[in-house]
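S.K.: One structure coming up, written as structure tokens, with questions to follow.
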Amino acid sequence: MKTNKTPLPFLALSVLAFIFALWAGLLRLGWRLPTPVTSLAVLHGPLMISGFLGALISLERVVALKIRWMYGAPLLAGIGWLVMLLMPKQPFGPFLLTLASLGGVLILGTIVRREFALHTVTMFLGALAWFLGNVFWITGSAIFQVVYWWQAFLILTIFGERLELSRVLKPTRVGQYLFAGIIAVFIIGVITSLDNIQLAARLSGVGMFALAVWSLTNDIAWRNLRHRLPLTRYIAWCLALGFVWLGVGGVIHLVYGAQAAGPRYDAALHVVFVGFVISMIFGHAPIIFPAVLGVPISFRPAFYIHLVLLHLSLIVRVAGDLANANTVRMWGGLLNEVAILLFLAMMIYSVGTSLKTR
């Protein structure tokens, strides 16, 4: 495998955005920490969605397609979050992040033109949700409204990828129609957030829960939980636990409806963004890093430390949210971030070890 150092600066920028997003998350939880800018706490969502995840997903696509102009998307995302942090009262940073998300749409549009299929269209709709969410954000919509679009970006992107990877199971036509129907319900829910946010929360919840159930028979992860290869088994556990949390997120949206702030808002968002999305990142990282950098990552049993800590701490956090126990919620959130930092440290160590042996 040939080492590819071109993506390293873009990857470093996205990881740095992740660090600042985690810092902002602790401030939002109520931990008293020093802050480089007074508005850092309110930038938690944009830093996480566009500065980190949007940049990382775009970078993965660029490396796979090998088309240079596409590097504009992760570059704009990297510059955008830095400008947003340095000039929080100016619109330049959010505008650049919105341009980055437009780049994401153009990248997925290219992929759809090359291969028009259910999974590519699903991922394209995810990229479009990222862009539209950013447009609504920079034009004055509240974060609790915009977040439905940002959730859709990640959920549609991940399920489009999972549908593609699970083609080895040869999903039936009925299964594909069912997937398309669930996606349609979910997207209708997201669009409804423009007019009726309570209905949007519940329709989105139905879509999330249905996607989690759909994965039981249609995603290969569930069949790999007892795979003979340790890395494949680890990835399967990451994905399966992520699907479970997505189902929990669907239930929370159905039961409590839309929330603008408070403990239930924290629970509804983080069962999806931490329980589902971060768990998926834990699982896909040993595949993505070699693909992006051309550096193999060897599985280590220690990978399970951050995985177990992430999910146990999320249980603590959500329990604190639903019981309105702020101290419990704060400690659960802190341990969420400890798990994520352990994961980052493990990935950096694994990549560094592989580079030294070259």
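The values are calculated or read from the model by the stated rules, or taken from the named source; none is laboratory data. Since the structure is predicted, the reported quantities are computational estimates derived from the model, not experimental observations. All Cβ positions, glycine included, derive from the backbone under ideal geometry; neighbour counts span all protein chains shown.
S.K.: Among the residues in region 157-167, are any in the same structural domain as Ile278 (by TED's automatic domain parsing), more than 26 Å from Leu97 (Cα to Cα) and either in contact with a Phe, Trp or Tyr (Cβ under 8 Å, 6 or more places away or on another chain) or of a type in the set (Val, Ile, Thr) (or both)?
M.R.: For region 157-167, residues in the same structural domain as Ile278 (by TED's automatic domain parsing), more than 26 Å from Leu97 (Cα to Cα) and either in contact with a Phe, Trp or Tyr (Cβ under 8 Å, 6 or more places away or on another chain) or of a type in the set (Val, Ile, Thr) (or both): present.
S.K.: Only one of these is buried (at least 24 other Cβ atoms within 10 Å of the Cβ) and out of contact with any strand residue (DSSP E or B) (no Cβ under 9 Å at 6 or more places or on another chain): Leu156, Leu194, Leu165. Name it.
M.R.: When all the criteria are applied, what remains is Leu156.
S.K.: Select from region 73-118 the residues that are acidic (Asp, Glu) and part of a helix (DSSP H, G or I) and list them in ascending order.
M.R.: none
S.K.: Among the listed residues Ala41, Ala55, identify the single one that is free of Cβ contacts under 8 Å to residues at least 60 places away in the same chain and touching a Lys or Arg at 6+ places or on another chain (Cβ under 9 Å).
M.R.: Values: Ala55 fails: touching a Lys or Arg at 6+ places or on another chain (Cβ under 9 Å).
Every option except Ala41 fails the conditions.
S.K.: Which of the residues spanning region 16-63 are surrounded by fewer than 19 Cβ atoms within 10 Å (Cβ to Cβ), at pLDDT below 90 and closer than 18 Å to Ile340 by Cβ?
M.R.: Trp31, Leu33, Ala41 - these are the residues of region 16-63 that are surrounded by fewer than 19 Cβ atoms within 10 Å (Cβ to Cβ), at pLDDT below 90 and closer than 18 Å to Ile340 by Cβ.
S.K.: Going by what's in this entry, would Ala319 be described as of a type in the set (A, V, I, L, M, F, W, C), under 21 Å from the mean Cα position of the chain (by Cα) and under 30 Å from Phe186 (Cα atoms)?
M.R.: no
S.K.: A further question on this structure: Might you check whether a residue that is crowded, with 17+ Cβ neighbours inside 10 Å, farther than 18 Å from His44 by Cβ and in the same structural domain as Arg233 (by TED's automatic domain parsing) occurs anywhere in region 260-275?
M.R.: Taking every residue of region 260-275 in turn, none turns out to be crowded, with 17+ Cβ neighbours inside 10 Å, farther than 18 Å from His44 by Cβ and in the same structural domain as Arg233 (by TED's automatic domain parsing).
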